[in-house]
Amino acid sequence: MCDREEKRVVLCGANAYEQKFYFNQDFDGIPQSVKDELHIICVLFTEEVGGIFTIVFEQDGSVVLETDAEEDDIYYDEVGSGLLVGEVRRKRQELLESLSLYYRAFVLHEDMSSLLEE
C-alpha cells in the first residue's frame, strides 16, 4: 500500500472493526521474528483502544505510528491511543530505529556506512 503523492508506505497495521492484520509483502525480507513482534504490537494496540493502527514509513525513512477511528465510533479511546503510541515509541524505540535503517538501506538505497554513523 503506497500513497504515490506523499510517497508514504504502510508497513503494517491492524483494524479493530474488521479484526484484521495487514503486513505489506514488499517487506517480506524482514525477519520473521520482527514480523511477529509487529503483528503483536498492532493487534494489542487495537484490542486496547480500538480503531485502526498503522506503522508507516515516511519518504525520508522515518517510522510513524498512526491511529485513527471511524467518526461514529463511541468506543474508541482517543486519549488512551495517544498515550499508547507514546508507550510503544518508548518501549520499542530500538525496533523502530532498526526498521528505519532497514527502509533507508534496502528501499532508499542509502549508503550503509553513513547510516551507521548516525
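The values are calculated or read from the model by the stated rules, or taken from the named source; none is laboratory data. None of these values were measured; they are calculated from a predicted model. Please note: Cβ atoms are built from the backbone with ideal geometry, for glycine as well, and neighbour counts cover all protein chains shown. These area figures cover heavy atoms from the full protein model, side chains too; ligands, DNA and RNA do not enter into them. Shrake-Rupley method; radii C 1.70, N 1.55, O 1.52, S 1.80 Å.
In region 38-50, the residues that are on the phi > 0 side of the Ramachandran plot form Cβ pairs under 7 Å with partners that are open to solvent by 20 Å² or more (accessible area, probe 1.4 Å), at six or more places apart or across chains, as follows: 50/16; 50/69; 50/73; 50/75; 50/76; 50/77.
Summed over region 94-118, the residues that are open to solvent by 100 Å² or more (accessible area, probe 1.4 Å) and farther than 19 Å from residue 23 by Cα give a count of 5.
Annotation note: of 33, 81, the sole residue that is hydroxyl-bearing (Ser, Thr, Tyr) and either assigned to a loop (DSSP other than H, G, I, E, B) or surrounded by 15 or more Cβ atoms within 10 Å (Cβ to Cβ) (or both) is 81.
Could you tell me which of the residues 27, 21 is touching a helix residue (DSSP H, G or I) at 6+ places or on another chain (Cβ under 9 Å), open to solvent by less than 20 Å² (accessible area, probe 1.4 Å) and modelled with pLDDT of 95 or more? So that I can check it myself, show each step before the final result.
Values: 21 fails: open to solvent by less than 20 Å² (accessible area, probe 1.4 Å).
Criteria check complete, one pass: 27.
So which residues in region 36-66 are open to solvent by 60 Å² or more (accessible area, probe 1.4 Å), farther than 12 Å from residue 88 by Cβ and in a helix (DSSP H, G or I)? The answer is 36, 39, 47.
Of all residues in region 67-78, those that are acidic (Asp, Glu) and open to solvent by less than 40 Å² (accessible area, probe 1.4 Å) total 1.
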